[in-house]
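Structure first, commentary second.
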Amino acid sequence: MACPLEQAMAIMVTTFHKYSAREGDRFKLSKAELKELLNKELPAFGSKQMDEVEFKRLMNDLDHDKDSEVDFKEYVCFLACVTMAFNDFFKDDPGKQQRRK
Ligand SMILES: [Ca+2]
């Protein structure tokens, strides 16, 4: 049985591939794939919370090499940013995490 952090990393990788393989380049997220991943796997950051202009801005921010797709490196940078935001949210009050359960 893998340790929780190892499991978390495996989930980060398998989640990317689950969506990236749906259309076009199997190893990159298209705009539609990214949108679906956010909606289903990260609903707090999902595109339901943002309008089309905001979503385009996010996609543009994530797409560092400007190939109109989000590759694994770009996705991991995004997850790191989201994780830092979680850390900022929880660091002053560790009890928040417990209360969310
Ligand atoms: Ca890209």
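The values are calculated or read from the model by the stated rules, or taken from the named source; none is laboratory data. Here the structure is a predicted model, which is why all the values come from computation and not from measurement. No Cβ is skipped: glycine too gets one built from the backbone with ideal geometry, and neighbour counts run over all protein chains shown. Accessible surface areas use protein heavy atoms only, side chains included; no ligands, DNA or RNA. Shrake-Rupley method; radii C 1.70, N 1.55, O 1.52, S 1.80 Å.
Within the listed set A85, A21, A32, the Gaussian network model of the chain (springs between alpha-carbon atoms below 10 Å) gives the highest mean-square fluctuation for A85. Applying the criteria of a DSSP loop state and at most 14 other Cβ atoms within 10 Å to the GluC sites (Glu not before Pro) of the stretch 1-43 yields E23.
In this view, the solvent-accessible surface of L5, computed with a 1.4 Å probe and all protein chains in place, comes to about 120 Å². Compared with the alpha-carbon gap, the fully stretched path from A21 to K40 is longer by 5.3 nm at 0.36 nm per residue. Shown here for the stretch 12-86: trypsin sites (Lys or Arg not before Pro) in loop regions (DSSP other than H, G, I, E, B) with at most 14 other Cβ atoms within 10 Å, namely R22, R26, K66. Here the sum of -39500 (n - 2.57) over DSSP H runs of 4 or more residues, divided by the residues of the chain, equals -20500 deg cm²/dmol at 222 nm, to the nearest 500. Using a 1.4 Å probe on the protein chains only, how many percent of the accessible area of the stretch 24-86 belongs to carbon and sulfur? Accessible surface attributable to carbon and sulfur in the stretch 24-86 totals 60 percent. Computed over Cα pairs, the Kirkwood radius of the chain leads via Stokes-Einstein (0.692 mPa s, 37 °C) to a diffusion coefficient of 224 µm² per second. Note that the stretch 78-87 has calculated 3J(HN,Hα) couplings of 5, 4, 4, 5, 5, 5, 5, 5, 4, 4 Hz, one per residue in order, obtained from phi through the Karplus relation 6.51 cos²θ - 1.76 cosθ + 1.60 (θ = phi - 60°); glycine and proline are x. Counted residue by residue at 0.36 nm each, then reduced by the alpha carbon distance between them, the extension gain from K66 to Q49 reaches 3.7 nm.
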